[in-house]
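The values are calculated or read from the model by the stated rules, or taken from the named source; none is laboratory data. Since the model is a prediction, treat every value here as computed from it, not as a measurement. Because the Cβ atoms are built from the backbone with ideal geometry, glycine has one as well, and the counts that use them run over all protein chains shown. Quick note on the areas: whole protein, heavy atoms, side chains included, nothing else; ligands and nucleic acids left out. Shrake-Rupley method; radii C 1.70, N 1.55, O 1.52, S 1.80 Å.
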Amino acid sequence: MHTPASLLLAARPRTQERLYDFYEEMRTADDFFWDRRLDAWVATSHAVVSRAAGDPRLSSVRYPDIEAVSEELRPLARVLSRQMVYSDAPAHSRLRALISRAFTPRAVAMLRDRISGAVDQIIAQAAPTGRMEIVTDLARPLPLTVICDLLDVPEGDRGALASWSDPIAAAIGSSRLDTDHNCSASQSMARMLAYLRDLLTRHDIPPAPHSLRALLTAKAHTDQDFDELLANCALLLIAGHETTTHFIGNAAVALLRHPHAADQLRRQPDLMPAAVEELLRYDSPVQLMLRRARHDLDLAGRTIAAGQVVLLVCGAANRDPAVFPDPHVLDFQRPGGRHVAFGYGPHFCLGAALARLEGAIVLKALLTRLPGLQLDGTPLQWQRSVNFRGLTHLNVSFTPPSPDHDSVTRACIESAGHSHPLL
Ligand code: HEM
């Protein structure tokens, strides 16, 4: 058995182009190995990734010793340590409970009309031109609009939130996992928190009834640790933004490269929920989860020393042939439900229902409202990251509809009465 290549190489543009072959070679060499360059264990099999993600012997705390973090990044590390995704029980359960009520399937279903409205607007703008850059025009603005709607953020402030969220996501998604090179992320986080503090305590614009902001504003006056609340609001903005952007881009490109699968979905819209799950499995926006051993322990036959980092490569686990036969085939009829694109165990993605809904609405719109949709031939460029998988741009072309085509298409869809749980 030869030593697997370092996972660090996954961030290289050439590796990104053949990422899943790279993982396969890695898994074949050793599916759970010590990566000297990253100073971490790397797990690529579905069995180890899913077992370890929920193993209480492994901690999600990102910065166990804040004082050891570089001075520039320390303020950012302090905020991240208050976020549920980087905390363990019992703090984790308390932090998750602060906002989970806003993400129940029922609460999320109520957002459907607003998401459809936002997608309709973007598509209507692009439709007459026959061209679209899906990442910039649709995949980036939509998730931010949805989270800002949830938080009831005034329109005029949304651009600033996006500009703060990007450097933070970049620092977290950097190929240097314990990054010390991005102090603009720290500054952006400070600005975002100051903004959220103001939003949740201002009286001049009352929160919309039943909005997440209404729920949080009520808590702002009773909660002992307002800083925790703010840190977790910031988490929603960051976690729900970059990830969903990548999901939309990755799913769109997968469909464009598999026209038969796209046609199948046009013909059988009831397949949409299964398609969303398969597209999440096939090209997962979040490639990596990080855990740290609380004490010396045995895991899948390896001895992990206290404090050592374990990287759980969900993107590789989702292509593990032991669980997904023919893993590189996009198959909407695959018996599913076991992918780990949203993680596994107590930290399972809080925004999963929302991300699924956004994905389903966008894909339906792309497939039904832009006839002749195809890649425009520009080479694809993947973001340089080990943690996230996503395109920097996705240029497509389509046939601009004749003036009344749009209304006819809509009438056809509506009269066909296609309905399923998501749409
Ligand atoms: C397709 C889009 C998304 C993907 C692939 C994704 C993926 C993930 C993954 C893998 C985790 C687990 C992290 C871990 O265990 O270390 C996670 C957690 C989380 N996600 Fe998502 N996510 C997406 C969208 C969203 C959205 C839209 C929101 C909210 C607006 C959100 C909020 C969260 C939160 C708050 C957590 C932490 C949960 C906890 O620690 O208990 N995510 N997500």
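May I ask you to list the residues in segment 224-273 that are away from the ligand (no atom under 16 Å from the Cβ) and in contact with a Lys or Arg (Cβ under 9 Å, 6 or more places away or on another chain)? Walk me through how you get there before you give the answer.
Residues of segment 224-273 that are away from the ligand (no atom under 16 Å from the Cβ), as a first pass: 224-227, 256-271.
Correct list: ASP225, PHE226, ASP227, LEU265, PRO269.
Is it the case that ILE99 is open to solvent by 30 Å² or more (accessible area, probe 1.4 Å) and among the β-branched types (Val, Ile, Thr)?
Working: open to solvent by 30 Å² or more (accessible area, probe 1.4 Å): no; among the β-branched types (Val, Ile, Thr): yes.
When the stated conditions are applied, ILE99 does not pass them.
Suppose we keep only residues that are open to solvent by less than 30 Å² (accessible area, probe 1.4 Å) and more than 23 Å from THR392 (Cβ to Cβ) within segment 277-294. Which one would you say is farthest from the ligand (Cβ to nearest atom)?
Ranking the qualifying residues of segment 277-294, first place goes to ALA293.
Please go through segment 62-87 and pick out each residue that is within 11 Å of the ligand (Cβ to nearest atom) and in contact (Cβ under 8 Å) with a residue 60 or more places away in the chain.
Filtering segment 62-87 for residues within 11 Å of the ligand (Cβ to nearest atom) gives 62, 83-87.
ARG62, GLN83, MET84, VAL85 - these are the residues of segment 62-87 that are within 11 Å of the ligand (Cβ to nearest atom) and in contact (Cβ under 8 Å) with a residue 60 or more places away in the chain.
How many residues does segment 363-390 hold that are within 27 Å of ASP263 (Cβ to Cβ), under 17 Å from the mean Cα position of the chain (by Cα) and away from the ligand (no atom under 11 Å from the Cβ)?
2
Output yes when any residue across segment 119-129 is within 11 Å of the ligand (Cβ to nearest atom) and among the aliphatic types (A, V, I, L, M), and no when none is.
Restricting attention to segment 119-129, the residues satisfying the condition of being within 11 Å of the ligand (Cβ to nearest atom) are none.
No, segment 119-129 contains no residue that is within 11 Å of the ligand (Cβ to nearest atom) and among the aliphatic types (A, V, I, L, M).
Among the residues of segment 253-265, are any at pLDDT below 90, surrounded by 13 or more Cβ atoms within 10 Å (Cβ to Cβ), part of a helix (DSSP H, G or I) and of a type outside the set (Lys, Arg)?
Restricting attention to segment 253-265, the residues satisfying the condition of being at pLDDT below 90 are none.
No, segment 253-265 contains no residue that is at pLDDT below 90, surrounded by 13 or more Cβ atoms within 10 Å (Cβ to Cβ), part of a helix (DSSP H, G or I) and of a type outside the set (Lys, Arg).
Can you name every one of the helices (runs of 4 or more DSSP H) wholly within segment 1-106 that holds 3 or more residues which are in contact with a helix residue (DSSP H, G or I) (Cβ under 8 Å, 6 or more places away or on another chain)?
Working: elements: 13-17, 19-29, 46-53, 74-81, 91-100.
Correct list: 19-29, 46-53, 74-81, 91-100.
Answer with yes or no whether GLY117 is open to solvent by 30 Å² or more (accessible area, probe 1.4 Å), among the small types (Gly, Ala, Ser) and modelled with pLDDT of 90 or more. Let's see the steps before the verdict.
Details: open to solvent by 30 Å² or more (accessible area, probe 1.4 Å): yes; among the small types (Gly, Ala, Ser): yes; modelled with pLDDT of 90 or more: yes.
Considered against the rule, which asks whether it is open to solvent by 30 Å² or more (accessible area, probe 1.4 Å), among the small types (Gly, Ala, Ser) and modelled with pLDDT of 90 or more, GLY117 comes out as yes.
Those residues that are within 15 Å of the ligand (Cβ to nearest atom) and in a helix (DSSP H, G or I), I need them from segment 189-223; list them, please.
Taking segment 189-223 as the starting set, the residues that turn out to be within 15 Å of the ligand (Cβ to nearest atom) are 192, 196, 211-213, 215-216.
Across segment 189-223, the qualifying residues are MET192, LEU196, LEU212, ARG213, LEU215, LEU216.
Going through LEU58, LEU7, LEU98 one at a time, which residue ends up being more than 14 Å from ASP320 (Cβ to Cβ) and more than 13 Å from the ligand (Cβ to nearest atom)? Spell out how you get there, then give the answer.
Numbers: LEU58 fails: more than 13 Å from the ligand (Cβ to nearest atom); LEU98 fails: more than 13 Å from the ligand (Cβ to nearest atom).
Going through LEU58, LEU7, LEU98 in turn, just one is more than 14 Å from ASP320 (Cβ to Cβ) and more than 13 Å from the ligand (Cβ to nearest atom): LEU7.
Within segment 289-314, which residues are in a strand (DSSP E or B), among the hydrophobic types (A, V, I, L, M, F, W, C) and touching a helix residue (DSSP H, G or I) at 6+ places or on another chain (Cβ under 7 Å)?
Step one: filter segment 289-314 for residues in a strand (DSSP E or B), giving 289-293, 297-299, 302-304, 309-313.
Now narrow it down to the ones that are among the hydrophobic types (A, V, I, L, M, F, W, C): 289-290, 293, 297, 299, 304, 309-313.
Selection gives MET289, LEU299, VAL310, LEU311, LEU312, VAL313.
Restricting attention to segment 349-396, report how many residues are over 29 Å from CYS233 (Cα atoms), open to solvent by less than 20 Å² (accessible area, probe 1.4 Å) and of a type in the set (Ser, Thr, Tyr).
Of the residues in segment 349-396, 0 are over 29 Å from CYS233 (Cα atoms), open to solvent by less than 20 Å² (accessible area, probe 1.4 Å) and of a type in the set (Ser, Thr, Tyr).
If you go through segment 161-168 one residue at a time, do you hit one that is open to solvent by less than 30 Å² (accessible area, probe 1.4 Å), outside any helix (DSSP H, G or I) and modelled with pLDDT under 90?
No, segment 161-168 has no match at all.
Condition first: aromatic (Phe, Trp, Tyr) and either touching a strand residue (DSSP E or B) at 6+ places or on another chain (Cβ under 8 Å) or within 15 Å of MET289 (Cα to Cα) (or both). Can you find one or more residues in segment 57-67 that meet it? Quick ask: steps written out before the conclusion?
From segment 57-67, those aromatic (Phe, Trp, Tyr) are 63; that's our starting set.
Among the residues that remain, those that are also either touching a strand residue (DSSP E or B) at 6+ places or on another chain (Cβ under 8 Å) or within 15 Å of MET289 (Cα to Cα) (or both) are: 63.
Among the residues of segment 57-67, at least one is aromatic (Phe, Trp, Tyr) and either touching a strand residue (DSSP E or B) at 6+ places or on another chain (Cβ under 8 Å) or within 15 Å of MET289 (Cα to Cα) (or both), which makes the answer yes.
Name every residue in segment 331-348 that is within 20 Å of PHE103 (Cα to Cα) and buried (at least 19 other Cβ atoms within 10 Å of the Cβ), in order of residue number.
Within segment 331-348, VAL340, ALA341, PHE342, GLY343, TYR344, HIS347 meet the criteria.
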